[in-house]
Amino acid sequence: MSDFLNNKVIPAVTKFAQFKFVRAMQAAVTAGLGATVVGSIFMIMMNPPFPADVSNVFIDAWRAWSAANASWLGLGYQVTLEFVGLYALIGMAVVVSNMNDVRPTNMVVISCASFLILSANLVEGNMAIGFLGAKGLVTALLVGYFVVELSCWLMKHGFKINLPEAVPPFVAEPLNALIVNIVVIAAVVAVRLIVGALSGGALLPAVINSLFAPLFVASDSLLAVVLYSVIVRLLWFFGLHGGNIAGAVMTPILSVTLIENATAFVNNEALPYIFTTMFVQTWTVMGVLAIVIAMMIVCKSKQLKAISKVAIAPALFNIGEPITFGLPIVMNFKILVPYLLCFALDAAVPYLATSAGLINRSFVNIPYTVPAIFKAFLSTMDFRAVILYVVLLVVNVLIFIPWLKKYDHELLVNEDQSA
């Protein structure tokens, strides 16, 4: 089995993770993280997260203040969360430019122009920007990647104006790329016309979203949540960065579902999705902290006692590398069963609880390193999520204890023999 994993599985997964588009997408999706976190703050300030029938002095004052300041609060929300697709596009253009060793300035400009051509319409003289947010995220990533790649290919094949070296770089750069920009924009306009002709006038993001719609529905299911959590942990078990590899596929989808939930919250609509980036970052990482706590309770070997002391602080902030490589979890079949069981449980129980209406769906974007117990409340604005988190954490610890105790005993015997 070890030979099969090392010779077949791990090389294939590693090759996928090294694809240029996959690596670029991982970086690009995080480009708008700061904007979405700030936008979430504006969203909460603008819409107090309390049921309509709940009222007291504090809540009533908050609601009155929000109504009085709705104009600038709404603007703060719109230019952050409603433009996340544009920010991801800029991130993708910069990342791919750096990969190709070219200056990103012109690439960002031409990518933005291409994205607007493909994603925006003029309505009574005003530009409709509905696809600059989450609904245009997939299109933004594709445009940012292929526009830069096409531009670089054209430049390498002589589609540029060669100016004397005496011309300053900031002047030479846009002139050198003039022919490339014309060709790229012509190609983008052609794509818009072709897509419009074939789809009855629909824009490219609308067409792409219609193709991905079944994927969004399928991904927001109990089976998808559990499979994702187990696959991530299996990748870590093999020594691969499960979050990055699985996230390369799922992060764009989960980012869209979170922002769609935020939009629904602002519009006082039912939140449509359970499986979001905040669901992943809250529930599918808690098992790491549970392992460390269980180790601190029962382990007596020098190795595990030392590792637990080192790993406790990172685990509180959702960082699992110390325990993954220190316990180790990698290729350690002696704890594989509770490892997969707990992480599957941590995915399934919150999903079922959310589906049953026992806890709210997540709609607020919180930085990854915020401790998950706080994130459980902040992302849902529901104290019941904290209670569920504590209960699940206790269950995880109880599951890990007998397995870790047995593993610790073996290490103790080895340490005594060595001594």
*So which of 276, 282 is buried (at least 18 other Cβ atoms within 10 Å of the Cβ), among the hydroxyl-bearing types (Ser, Thr, Tyr) and under 21 Å from residue 396 (Cβ atoms)?*
282
*Could you say whether any residue in region 68-83 is open to solvent by less than 50 Å² (accessible area, probe 1.4 Å) and touching a Leu at 6+ places or on another chain (Cβ under 6 Å)?*
yes
_Selection count, region 198-216, where residues are open to solvent by less than 50 Å² (accessible area, probe 1.4 Å) and either among the hydrophobic types (A, V, I, L, M, F, W, C) or within 19 Å of residue 272 (Cα to Cα) (or both)_ = 9
*asked:* Can you confirm whether residue 294 is modelled with pLDDT of 90 or more, under 27 Å from residue 219 (Cβ atoms) and not in a loop (DSSP other than H, G, I, E, B)?
replied: no
*asked:* Quick check on residue 40: is it without any contact (Cβ under 8 Å) to a residue 24 or more places away in the chain, open to solvent by less than 70 Å² (accessible area, probe 1.4 Å), among the hydroxyl-bearing types (Ser, Thr, Tyr) and in a helix (DSSP H, G or I)?
replied: no
*asked:* Exactly one of these conditions fails for residue 332: (1) closer than 19 Å to residue 257 by Cβ; (2) in a loop (DSSP other than H, G, I, E, B). Give me its number.
replied: (1)
*Would you tally the residues in region 289-311 being open to solvent by less than 40 Å² (accessible area, probe 1.4 Å), free of Cβ contacts under 8 Å to residues at least 24 places away in the same chain and not small (Gly, Ala, Ser)?*
1
*What number goes with the only condition from (1) within 23 Å of residue 240 (Cβ to Cβ); (2) in a helix (DSSP H, G or I); (3) aliphatic (A, V, I, L, M); (4) touching a Ser or Thr at 6+ places or on another chain (Cβ under 8 Å) that residue 319 does not pass?*
(2)
*Please go through region 257-269 and pick out each residue that is open to solvent by 20 Å² or more (accessible area, probe 1.4 Å) and either at pLDDT 90 or above or in a helix (DSSP H, G or I) (or both).*
260, 263, 265, 266
*Tally of residues being in a helix (DSSP H, G or I) and either under 21 Å from residue 32 (Cα atoms) or open to solvent by less than 20 Å² (accessible area, probe 1.4 Å) (or both) across region 357-404*: 11
*Within region 180-220, considering residues that are within 23 Å of the chain's Cα centre (by Cα) and of a type in the set (Ser, Thr, Tyr), the one farthest from residue 156 (Cα to Cα)*: 219
*For region 217-256, enumerate the residues that are open to solvent by less than 50 Å² (accessible area, probe 1.4 Å), modelled with pLDDT of 80 or more and either out of contact with any helix residue (DSSP H, G or I) (no Cβ under 7 Å at 6 or more places or on another chain) or not in a helix (DSSP H, G or I) (or both).*
220, 221, 238
*Please state which one of 35, 88 is modelled with pLDDT under 85 and under 28 Å from residue 131 (Cβ atoms).*
35
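The values are calculated or read from the model by the stated rules, or taken from the named source; none is laboratory data. Quantities reported herein were computed from a predicted structural model and do not represent experimental measurements. As a convention, Cβ positions derive from the backbone with ideal geometry for all residues, glycine included, and neighbour counts pool all protein chains shown. Accessible surface areas use protein heavy atoms only, side chains included; no ligands, DNA or RNA. Shrake-Rupley method; radii C 1.70, N 1.55, O 1.52, S 1.80 Å.
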